[in-house]
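Reading through the structure tokens given below for one structure.
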Amino acid sequence: MTADLGYGMTLVALVLAIYGGAAAAVGARVGRPALVESAQHAALGVFVLITACFALLTYAFLTFDFSVRYVATNTNLGTPFYYRITGVWGALEGSIILWSWMLGLYTLILILRHRNSARELYPWALATMLGILAFFLLVMTVAAPPFQRQVPVPADGRGLNPLLEDTGMITHPVALYLGFTGFTVPFAFAMAALITGRVGDTWLVLTRRWSIIAWYFLALGLLIGGWWSYHVLGWGGYWAWDPVENAAFMPWLTGTAFLHSVMIQERRRMLKLWNIVLVILTFGLTLFGTFLTRSGVIASVHAFTQGSIGALFLGFLALVMLTALGLVAWRWEALRSQGELDSVVSRESAFLLNNVLLIAAAFTVFFGTVFPLLSEAVRGTKVSVGAPFFNQVNVPLFLSLIFLMGVGPLIAWRRASLENLKRNFLWPVVLGVAAAAAAFLLGVRSALAALTFATTVFVGATIGVDFVRATRARLRVGEALLPAVGGLLRRHNRRYGGFVVHLGILLIALGVTGSHAWSVQTEATLRRGETAELAGYRFRFDDLTAIEESNHFKVVGAFTVWNGHGLDVLRPAKKFYPQEQSPIAYVDYRLGLTEDVYLVLGDFARDGTQATVKLQVNRLVSWIWIGGLVLTLGALLAILPERRTPA
């Protein structure tokens, strides 16, 4: 019953999406508002049906309805309640439902927000959204049906991937998918602009906040993924240049480039073509990332595979890119810029260089990700492209980008004078050089680490200079300090929201640099009562305990950890799942502002008298997560409506 009802609703939703997309396009083409209104009703129907499918699949998980193959494959009778809910999107079919539901939600919000504005662009944007939604519904009905029957019905299911039994399953996929699907809206309006020939600034104004929201959710998903990797996988790191990580990172890079180059088009009427191409590229990379993670061409914790879904996604990606680039070629003359670059030393040049570096980084990540696949396909040999390649190429690019974060917002438009450069950058440069010298005196011998600290101090100083200068200007007209600061943030929230985002990225850069420069680790095999030392910490092995959980068995170690400031007990463990051949590590750690203590249990004696443990003291990692919180505040500030009332 569940399988038939769910499949039927999916099929009806597909028909409605196809009809709605066609009705919106025809209504826009022949000027019939009734057809566009009918498409809106169809979009509402699609959203309701996908929501019903989502609820039905969740109910099937909660009630252990093993007559549905997807439920039988991704849960069992021992799965805790919480993970039965997150298991709904823990594998391929459910992730496509979540993706489609979010895309339907964005389509509904687009209707509510824009149906009475931008009448020339809106119908074509709606048609594009519904067309993309129809593709995902086609995947749900043909290549990856979530309501496929399981015959015969098993007494118990196989269970969820143990690595996905974590609270991160409620936030990481949701944030990433909100970012991926969010970039569909700017793409839809870009397509509408190309179709109608209205390639001016209107579509940029309509999609600015959509772009920031999608960019933020993608950034949040990447950060949560790093935290998940750090506290679950047991290797002590947060970023491994895994292909699935790269699949989300590439559209984030191109989306960042778009958010910066938009400012040049708004101010100087330049980069029309470039901005359209960036939006197309960003959306294309979200589809490419989906192809990578769901085609089976790579192996990863979050990579899913089934049947012909890879070919289906690759074909749709080719169709989207050919159509979009064909429209760009059609409107080539209209996309020519009206403004020209006046000087190399200007804000326009800084933003252009920023774009070039971001695209170079995206290309590097793309090349390193697909090269092993191409090598295997062409030569039949497996080639590994690991972290050393990505770090060697990208670290200089990212360091240059951080430097431009300080230069871009303060350098003058059109042409910067020597006085402008001296006024805005003298003290930040002095402070940056002082920071490098201080790092050297404190024992930092890595030139890269010292340069990173100097650059982050320089950028932080430029932000401080700008904010202090603007606040003083308001104080001189008689405002008190707090009202002056508040008024500045409200009236120029886009600018200062961007500055706060930059501060968040600076903190992340400090965390990454510090963790690579100063983290230490060792591995020790200890008998009960024996101790090991690392970086001023002493670790004593106390005991092993066996515990039976609802769906697994685990062995928990007890280790007393102390230094000159306190005493604590960490309990890393090994989890043994019936459906898994190898045990899963359970990490225990204590977070600190300057350093984390991190323990991973290795091999152990069955009688509990001996255990091997990996000990790590990771420096400044917490600043990565703090930077994420600051970035969140900046994004929230940037999406608020700007107040242009007089001071």
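Throughout, read-outs are computed from the coordinates displayed, never taken from laboratory work. Since the structure is predicted, the reported quantities are computational estimates derived from the model, not experimental observations. Positions of Cβ are backbone-derived with ideal geometry, glycine not excepted, and every protein chain shown enters the neighbour counts.
Neighbours of Ile213 by Cβ distance under 15 Å: Lys/Arg scored +1, Asp/Glu scored -1, total +4. The charge dipole of the chain, taken about the Cα centre with unit charges on the Cβ atoms of Lys, Arg (+1) and Asp, Glu (-1), comes to about 2300 debye, rounded to the nearest 20.
Our note on the geometry: Cα centres of region 208-282 and region 524-551, 41 Å apart. The local environment of Arg606, defined by Cβ-Cβ distances under 15 Å, has a net charge of +1 under the rule Lys, Arg +1 and Asp, Glu -1.
Normalising by residue count, region 452-596 has a Cα convex hull of 216 Å³ per residue.
Counting trypsin sites (Lys or Arg not before Pro) as exposed when in a DSSP loop with at most 12 other beta carbons within 10 Å, what is the longest stretch of the chain free of them? Counting at most 12 other Cβ atoms within 10 Å as exposed, the longest clean stretch of the chain is 120-335. Volume of the convex hull of region 445-521 (Cα atoms only), normalised per residue: 97 Å³. Where the centroid of each part is defined by its Cα atoms, how far is region 342-405 from region 501-516 in Å? Result: 19 Å between the Cα centres.
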